[in-house]
Amino acid sequence: MQQLKNGVSLKVKTKLSLILAAVISQPLLAIEITVQVFDPTEQAVPDVVVYATPLMDIENLAVNTNQLVIDQADTKFAPYVTVLQKGQTIKFINKDDITHHIYSVSGENRFEFKIKSGNERMTQRLGTAEEVAMGCNIHDWMSGFALVVDTPYFGKTNASGRLTLELPELGQYQITVWHPQLETDGNRMSETVTLTEAAQSFNLTLPKKLLPIPEQSGQDDFDFLEEY
């Protein structure tokens, strides 16, 4: 009889252990926030950078490992605006049938290189959170921007001006909207929000409409530069 009791007890303990192991192995549910950006006329604003910075425990943030790629296509930077986490690199891919001479305009994240048709070039790791303005020494109408941020929680708004971010926990975050054509200090605006539920939505209204993006085209025929 004792053996039977022990056998039953062992089976129960085994089942409980399996259940606990299954529960522990389940991933924690992410906190989702949806941010929608409007201009002062209540029109949705697409293609603006939105990022969330936790106000606590900022020393132990996750690392975004997605490779950022910027194409050169039709003598333009594609996309015109993008975002990456501090410590990441940018891969440039020249899809044009001509050479480009890419450079960053100023700041701590300096790079400059020539990239021939069909080739790829990678920057060094960008170690400073800042706005990076880019150009081409051959085609001076080409311009593009990359924003380097201190957080892995970022993206760009879609055609409806909306972006959903997955955050690790509830609490206070600073939500920032950035675009080079936003006429504010640092081309950005921020708002502190407190997350108390697993899914929340926020509407942010820009103080001004975005300025027009500079025309990304030049003369069809230009002189061949011998050094390239």
| said: Between a residue in segment 42-60 that is farther than 16 Å from Asn203 by Cα and any residue that is assigned to a strand (DSSP E or B) and of a type in the set (Gly, Ala, Ser), which pairs come within a Cβ distance under 8 Å, given they are 6 or more apart or on different chains? | reply: Pro54/Gly171; Leu55/Gly171; Met56/Gly171
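Per-residue answers, yes or no, for (1) under 30 Å from Gln172 (Cα atoms); (2) free of Cβ contacts under 8 Å to residues at least 40 places away in the same chain; (3) touching a Phe, Trp or Tyr at 6+ places or on another chain (Cβ under 7 Å); (4) among the hydrophobic types (A, V, I, L, M, F, W, C):
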| residue | (1), (2), (3), (4) |
| --- | --- |
| Asn66 | yes, yes, no, no |
| Phe77 | no, no, no, yes |
| Thr89 | yes, yes, no, no |
| Glu112 | no, yes, yes, no |
| Ser117 | no, yes, no, no |
| request: Examine segment 145-155 for a residue that is loosely packed, with under 13 Cβ neighbours inside 10 Å and of a type outside the set (Ser, Thr, Tyr), and state whether such a residue exists. | output: no
| request: Identify the residue in segment 6-61 that is at pLDDT below 65 and either among the small types (Gly, Ala, Ser) or at positive phi (or both) and, among all such residues, is nearest to the chain's Cα centre (by Cα). | output: Ser25
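Quick grid of which residues meet (1) of a type outside the set (D, E, K, R); (2) outside the structural domain of Lys156 (by TED's automatic domain parsing); (3) out of contact with any strand residue (DSSP E or B) (no Cβ under 8 Å at 6 or more places or on another chain):
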{"site": "Val35", "(1), (2), (3)": "yes, no, no"}
{"site": "Val48", "(1), (2), (3)": "yes, no, no"}
{"site": "Thr53", "(1), (2), (3)": "yes, no, no"}
{"site": "Thr82", "(1), (2), (3)": "yes, yes, no"}
{"site": "Glu120", "(1), (2), (3)": "no, yes, no"}
{"site": "Asn137", "(1), (2), (3)": "yes, yes, no"}
{"site": "Ser143", "(1), (2), (3)": "yes, yes, no"}
| said: For the list (1) under 24 Å from Asp74 (Cα atoms); (2) loosely packed, with under 14 Cβ neighbours inside 10 Å; (3) modelled with pLDDT of 95 or more, I need the number of the one condition that Gly127 fails. | reply: (1)
| request: Please indicate, with yes or no, whether at least one residue in segment 193-208 is more than 24 Å from Glu59 (Cβ to Cβ), exposed (fewer than 14 other Cβ atoms within 10 Å of the Cβ), assigned by TED's automatic domain parsing to the domain that holds Asp74 and small (Gly, Ala, Ser). | output: no
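In segment 153-196, which residues are among the charged types (D, E, K, R) and in contact (Cβ under 8 Å) with a residue 40 or more places away in the chain? Break it down stepwise before answering.
Going through segment 153-196, the residues among the charged types (D, E, K, R) turn out to be 156, 162, 166, 169, 183, 185, 188, 191.
Listed by number, the residues that qualify are Lys156, Arg162, Glu166, Glu169.
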| request: State all residues of segment 180-199 that are within 20 Å of the chain's Cα centre (by Cα) and under 27 Å from Ala30 (Cα atoms); if no residue qualifies, say none. | output: Arg188, Met189, Ser190, Glu191, Thr192, Val193
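The values are calculated or read from the model by the stated rules, or taken from the named source; none is laboratory data. All figures in this text were calculated on a predicted structure; none of them were measured in a lab. Cβ coordinates were reconstructed from backbone atoms using ideal geometry, including for glycine residues, and neighbour counts include every protein chain displayed.
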